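The values are calculated or read from the model by the stated rules, or taken from the named source; none is laboratory data. Just so we're clear, the structure is a prediction, and the values are computed from it rather than from any experiment. Heads up, the Cβs are rebuilt from the backbone with ideal geometry, glycines too, and the neighbour counts pull from every protein chain shown. For the accessible areas, the whole protein counts, side chains as well, though only heavy atoms, and no ligand, DNA or RNA atoms are used. Shrake-Rupley method; radii C 1.70, N 1.55, O 1.52, S 1.80 Å.
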Amino acid sequence: LPSPLCVGFFHPTVYINSEDREENDLRLILKHELTHFKRKDLWFKGVLMLARAVHFFNPFVHWMAKLAEKDMEFSCDLMVMENCDMEAREAYSMAILRTVKEANSKNMQMSTAFSGGKEELKARFENIFDMTKKKRGIALFTAAAILFCGGTAFVGCTAPEPKETPETRVVY
């Protein structure tokens, strides 16, 4: 296995790729994977995979799915580190770093295994150590929904112009 992961839609199972782990690392890894399980992230990954399959020709869909998976990991990290101090965040980051170091960097599609590069790992650590209150974006979503609904509400409201029928002449 490339790293600890959670697989399975109906009977999710957490797999650990090594038995030689410190107890604290194992506790944090299991907490992370169980958070994926509780939030049903595998179902969301399935939807993203289906969207990629249907829109295989659209690079925007692939980009969107990659960002969604990245956000899934970031939000999972935030849930695991909720109400934790800086020392716990450092221990969690070190557990992730040790896990990534062990990984063969294989990309497991239908799992919650980490598959990212150095920049993504750096962004993930910045997210873990960022202790500021996160905004949920409700106001932005509401404004976007209002603009979308307002912009599309009047699309079909124009009256069709009467079609001109050519005069027909009967010639005998």
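Points worth noting:
- Per-region count, segment 67-116, residues modelled with pLDDT of 75 or more and closer than 18 Å to Lys38 by Cα: 15
- All conditions in (1) out of contact with any strand residue (DSSP E or B) (no Cβ under 7 Å at 6 or more places or on another chain); (2) closer than 24 Å to Lys118 by Cα; (3) not acidic (Asp, Glu) hold for Leu30, with the sole exception of (1).
- Checked against the criteria, Lys40 does not count as open to solvent by 40 Å² or more (accessible area, probe 1.4 Å) and in contact (Cβ under 8 Å) with a residue 12 or more places away in the chain.
- Any chance Lys135 is modelled with pLDDT of 90 or more and of a type in the set (D, E, K, R): no
- Within segment 54-61, none of the residues are touching a Cys at 6+ places or on another chain (Cβ under 8 Å), open to solvent by less than 60 Å² (accessible area, probe 1.4 Å) and farther than 28 Å from Thr132 by Cβ.
- Here Thr13 fulfils each of the conditions (1) under 22 Å from Glu120 (Cβ atoms); (2) hydroxyl-bearing (Ser, Thr, Tyr); (3) open to solvent by 30 Å² or more (accessible area, probe 1.4 Å) apart from (1).
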